[in-house]
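The values are calculated or read from the model by the stated rules, or taken from the named source; none is laboratory data. If you're wondering where the values come from, they're calculated on a predicted model, not measured in any experiment. Glycine also receives a Cβ, built like all others from the backbone with ideal geometry; neighbour counts cover every protein chain displayed. Just so you know, the surface numbers come from the protein's heavy atoms only, side chains and all, with ligands and any DNA or RNA stripped out. Shrake-Rupley method; radii C 1.70, N 1.55, O 1.52, S 1.80 Å.
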Amino acid sequence: MRNFKRTALLLTLPASLVAICLYAAPILQVLALSVTEPKPGLANYQNLFANAAVGRVVVTTLKVSIMTTVLTVVASYIVAFAIIHMSAGLRRVSLFLVLVPFWISVLVRAFSWITILRRRGVLNGALMETGVISSPLDLVYNLLGVTIGMVHYMMPFAILLLYANLSDIDRRIMQAARSLGARPATIFWRVWLPLSLPGLALATLFVFVFSLGFLVTPALLGAGKTLMIAEYISVQISSTSRWDLATSLSTMLLLVVGIIVFAAMRSPALRAAFVARPQQ
Amino acid sequence: MTLLAIEDLAKTYDKVTALTGINLSVEAGEFVTLLGPSGSGKTTLLMSLAGFTTPSKGTIRLDGKDITHLDPEDRDFGFVFQGYALFPHLSVANNIAFSLKVRKWEKARIDARVAEMLSLVGLDNLAGRKPRELSGGQQQRVAIARALAFGPRILLLDEPLSALDRMLRETMQKELKRLHRETGVTFVYVTHDQEEAIAMSDRIAVFNHGRIVEIGPPRDLYKKPATHFVAGFLGENNFLSGHRADDDETMVEAFGTRFSAPLQPRERPGDVLTIWVRPEHIRLGPAPGDGIGFRATVVENSFVGAVERILLRTSTGEQMVATLRSEAHSEYKPGQVVECRIDPAAIGVLPSE
Ligand SMILES: Nc1ncnc2c1ncn2[C@@H]1O[C@H](COP(=O)(O)OP(=O)(O)OP(=O)(O)O)[C@@H](O)[C@H]1O
Ligand SMILES: [Mg+2]
């Protein structure tokens, strides 16, 4: 047993080394730069709070992230709930369809959305053709477009998380509720929903944290007009070479995400999501 | 008065026949047990009664009204599930109150009923606990209280005690009997434990391969089983082969002796028969007495507490078990030849299969 543990530990070594070299070291470097560039001290952080442009970016990021999280979690819950109620065959097909987006590059997905949503795109074309609208709608290169793209990106993750949680729930509990006289709506509100809270909390946390630092989709579907933190940081580094701003903002983002995750993990609902349920 | 009538019920899954030709009627206030080996269809019948499984054929009537296709939530049957299936997010009190809230009872009435149910199952001081903070036996009581709270027409129980250890199981058997007596609710109880069935039921329906083999009070099924299956499933039994004597049609020859036995007229001389005799009905020792006498050799003698189990070999080479009260019997040693006696009334004869 001890031997096995030692071997197991040894096996994690290469991966750990890679992670430390490619991940932890650069992060520490960013941290260091944020308090040394251009001169040592916390001045960069003071500037951050005084910077109006950063303020706007933060507000946009929060707006998009919150909207994305709410829409993704609600939509994914509906899909996951439907999937667990399907027959085995249909469920396999549905889960496969949920997985398909994972094989398509995020770039391809973003460009596909542009094709669909732009002023002379597929959707506007169809709506104008059928006479529903007379002038094209602004569906992309704004908050709406970014949110649509992000929701689409996040949903498979959220669906799988919620599906795992929902399929863990003992279905006899629902039968018990029925035998006690509860109708479907009552069973949903009084039983399914409360028992889904751990999964919902986990999915919400995951999607929100992921959204905060999202780069590709907002960059392409926002086209620089709807600017989120990650893209803003990348512009500071690659275009304007403002390392002070980029590194301090990155550190702040990391800190905020850390605090959110830490606080969330202390909530009973999320704790429950990580505790292995006893098998019946 | 017949409360529940099951008429010619059948259930088939794709290829599996889970139930066929089930006829059973349950009187109001009765304690009926569905007993049978694993896979014999007990749960399928219980789920059909509860409305969770739709029968392929047949009718279920409650008070003469056809309820075969009624939704489970409209049946007013209590159900106690094998794993209890308590609501993990609700306290004990709220688990019990669930059916009452669904029925929109007034708050004061719900509180009174919950308190009544809690004291009925002896959990007064645990009202605020969550199910995961209870022991198995306590969870079981909550499940029963929850199922009884709204005053069900019938309480259906699917192997409610199978997860408990032996001691607790015996306590809970008594507890269930008491609840049955005190509430007057009709119980339909599923188990594969024949001792449990015998100890608790007014009547037992014995299942095998999706059919009811026999129905009757435990005493009748134990003492006068009509089938080989029931004779072997209920209690311990010895099966020996015999045949009808050629020279006297009222006599049976078996295990090296001959005796008169209740024979069916359709059995002819020479017919092979199965004789059964319960271990507790075999008496050992030279003590004079009437009954069927024969000789056997002791093969093994094992002490199991209150009784002693003695494995015997008859002169025909068959083995049988005798159980004797442990007193001075330890003198039976392997290899010893003993005189045995059986009261003719305790012997059963079945046509051989
Ligand atoms: N949903 C189902 N699909 C297919 N076959 C089923 C299904 N449910 C039950 N069966 C089959 O029907 C038969 C009876 O099953 P049932 O669960 O009623 O047995 P049981 O008497 O309750 O057994 P146990 O004591 O093991 O609980 C079994 O052969 C089982 O495999
Ligand atoms: Mg069963």
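Once the piece of chain linking A:Arg120 and A:Leu90 is laid out straight, how much longer is it, given 0.36 nm per residue of separation minus the C-alpha distance between them?
Details: separation 30, 0.36 × 30 = 10.80 nm, distance 3.65 nm.
The A:Arg120-A:Leu90 span can extend by a further 7.1 nm.
In nm, give the distance between the simple-model label positions of A:Ile259 and B:Asp124, each being 7 Å from the Cα along the Cα-to-Cβ direction.
5.1 nm
If the viscosity is 1.306 mPa s and the temperature 10 °C, what Stokes-Einstein diffusion coefficient in µm²/s follows for the range B:1-135 when Rh is the Kirkwood radius over Cα pairs?
92 µm²/s
Under 5 Å between amide hydrogens, which residues at least 5 positions from B:Ile67 or on another chain qualify, with H placed 1.01 Å from N in the peptide plane?
B:Ile60, B:Arg61, B:Leu62
Take the residue pairs B:Lys65/B:Lys104; B:Lys130/B:Lys177; B:Lys42/B:Lys65; B:Lys11/B:Lys174; B:Lys11/B:Lys101 and return only those whose Cα atoms are more than 29 Å apart. Let's see the in-between values first.
Working: B:Lys65/B:Lys104 26 Å; B:Lys130/B:Lys177 26 Å; B:Lys42/B:Lys65 23 Å; B:Lys11/B:Lys174 33 Å; B:Lys11/B:Lys101 34 Å.
From B:Lys65/B:Lys104; B:Lys130/B:Lys177; B:Lys42/B:Lys65; B:Lys11/B:Lys174; B:Lys11/B:Lys101, over 29 Å: B:Lys11/B:Lys174; B:Lys11/B:Lys101.
Amide H to amide H, which residues 5 or more places from B:Val349 or on other chains are under 5 Å from it, using H placed in the peptide plane?
Those qualifying (amide H under 5 Å, at least 5 residues apart or on another chain) are B:Trp276.
Tell me, what is the percent relative contact order of the range B:201-346, built from C-alpha pairs under 8 Å that lie six or more residues apart?
Rounded, it is 20 percent for the range B:201-346.
Given contacts defined as C-alpha pairs under 8 Å and at least six residues apart, what's the relative contact order of chain A, whole-number percent? All intermediate terms of the calculation are to be shown ahead of the outcome.
Details: 263 pairs, mean separation 78.9, N = 280.
Once divided by the residue count of chain A, the mean separation gives 28 percent.
Of the candidates B:Val337, B:Val114, B:Val230, which one comes out as most mobile in a Gaussian network treatment of chain B with C-alpha springs shorter than 10 Å?
B:Val337
Suppose each label sits 7 Å from its Cα in the direction of the beta carbon; what would the B:Thr2-A:Lys225 distance come out to in nanometres?
7.8 nm
What are the ³J(HN,Hα) values, in whole Hz, obtained from phi via the Karplus relation 6.51 cos²θ - 1.76 cosθ + 1.60 with θ = phi - 60°, for each residue of the range B:172-182 in sequence order, with x given for Gly and Pro?
The phi angles translate into 5, 4, 5, 4, 5, 4, 5, 4, 4, 5, 6 Hz.
Compute the distance in nm between two label points, each set 7 Å from the Cα along the Cα-to-Cβ direction, one at B:Thr59 and one at A:Thr130.
Each label point lies 7 Å from its Cα, and together they span 5.2 nm.
Work out the FRET efficiency for B:Lys177 and A:Leu17 from their Cβ-Cβ distance, taking R0 = 56 Å, and round it to the nearest 0.05.
Values: r = 67 Å, r/R0 = 1.20.
It comes out at approximately 0.25.
With every protein chain left in place and a probe of 1.4 Å, what is the accessible surface of B:Glu7, to the nearest 10 Å²?
It works out to around 60 Å².
Under a Cβ-only charge scheme (Lys and Arg +1, Asp and Glu -1), can you give me the dipole magnitude of the protein assembly as shown about the Cα centre, in debye to the nearest 20? Before the final figure, lay out each step's value.
Numbers: 64 positive and 53 negative charges, 615 e Å.
I would put it at about 2960 debye.
Which residue fluctuates the most in chain B, going by a Gaussian network model with Cα springs under 10 Å, if the choices are B:Gly39, B:Gly151, B:Gly64?
Ranking B:Gly39, B:Gly151, B:Gly64 by mean-square fluctuation puts B:Gly64 first.
Out of residues 5 or more away from B:Lys11 or on other chains, whose amide H comes under 5 Å of its own, with H placed 1.01 Å from N in the peptide plane?
Under 5 Å from the amide H of B:Lys11 lie the amide H atoms of B:Ala18, B:Leu19, B:Thr20, B:Ser56, each far enough along the sequence or on another chain.
In nm, what is the difference between 0.36 nm times the number of residues separating A:Leu9 and A:Ile27 and their Cα-Cα distance? Can you show the working numbers first?
Details: separation 18, 0.36 × 18 = 6.48 nm, distance 2.44 nm.
So the chain would gain 4.0 nm between A:Leu9 and A:Ile27.
Once phi is turned into θ = phi - 60°, what whole-Hz ³J(HN,Hα) does the Karplus curve with 6.51, -1.76 and 1.60 give for every residue of the range A:219-226, x standing for Gly and Pro?
Values per residue, Gly and Pro as x: 5, 7, 7, x, 6, x, 8, 9 Hz.
Does the range B:2-232 come out rounded, prolate or oblate, given a ≥ b ≥ c as the square roots of the eigenvalues of its C-alpha gyration tensor, rounded meaning a/c under 1.5 and, failing that, prolate meaning a/b above b/c?
Details: a/c = 1.92, a/b = 1.46, b/c = 1.32.
Prolate.
With every protein chain kept in place and ligands, DNA and RNA left out, what is the accessible area per residue of the range A:120-166? Probe 1.4 Å, answer in Å². Could you put the intermediate results ahead of the total?
Working: 2240 Å² over 47 residues.
The answer is 48 Å² per residue.
Mind ranking A:Leu127, A:Leu205, A:Leu107, A:Leu270 by accessible surface for me, highest first, 1.4 Å probe?
Working: A:Leu127 50, A:Leu205 25, A:Leu107 85, A:Leu270 5 Å².
In descending accessible area the options line up as A:Leu107, A:Leu127, A:Leu205, A:Leu270.
Which percent of the accessible area of the protein assembly as shown is formed by carbon and sulfur heavy atoms (probe 1.4 angstrom)? If you can, show how the numbers build up before the last one.
Numbers: 19360 of 32180 Å².
Carbon with sulfur: 60 percent of the solvent-accessible area.
On a 1.4 Å probe surface of the protein chains, which of B:Phe229, A:Phe206 comes out largest in accessible area, and what is the full order?
Values: B:Phe229 55, A:Phe206 75 Å².
Result of the area sort, largest leading: A:Phe206, B:Phe229.
May I ask for the accessible area buried between chains A and B, both sides summed, probe 1.4 Å, to the nearest 100 Å²? Write down the numbers at each step before the final one.
Working: alone 16900 and 17100 Å², together 32180 Å².
Buried: approximately 1800 Å² between B and A.
Calculate one ³J(HN,Hα) per residue across the range A:47-56 by plugging θ = phi - 60° into the Karplus curve 6.51 cos²θ - 1.76 cosθ + 1.60, and present them in order as whole Hz with x for glycine and proline.
Working through the residues one at a time gives 4, 4, 6, 8, 7, 5, 4, 4, x, 5 Hz.
Taking the Cβ-Cβ separation of B:Glu249 and B:Thr297 as r and a Förster radius of 45 Å, what is the calculated FRET efficiency to the nearest 0.05?
Numbers: r = 31 Å, r/R0 = 0.70.
Computed FRET efficiency for B:Glu249 and B:Thr297: 0.90.
Build a GNM of chain A with springs between Cα atoms under 10 Å: which of A:Ser248, A:Ser134, A:Ser34 gets the top mean-square fluctuation?
A:Ser134
Please name the residues of the range A:128-175 whose accessible area, counted over protein heavy atoms with a 1.4 angstrom probe, falls by no less than 50 Å² between the chain alone and the full protein assembly.
A:Arg172, A:Ile173, A:Gln175
I'd like the distance between the alpha-carbon centres of the range B:83-137 and the range A:123-196, rounded to an integer number of Å.
Using only Cα atoms, the two centres lie 33 Å from each other.
Run the helix sum for chain B: -39,500 (n - 2.57) per DSSP H stretch of 4+ residues, divided by residue count, reported at 222 nm to the nearest 500 deg cm²/dmol. Don't skip to the answer; put the middle values down first.
Numbers: 8 runs with 84 residues, N = 353.
Calculated mean residue ellipticity at 222 nm is -7000 deg cm²/dmol.
Want the number for B:Gln336 to B:Ala163: 0.36 nm per residue separation, take away the alpha-carbon distance, what's left? Mind showing how you got there, number by number?
On the way: separation 173, 0.36 × 173 = 62.28 nm, distance 4.29 nm.
Here the answer is 58.0 nm.
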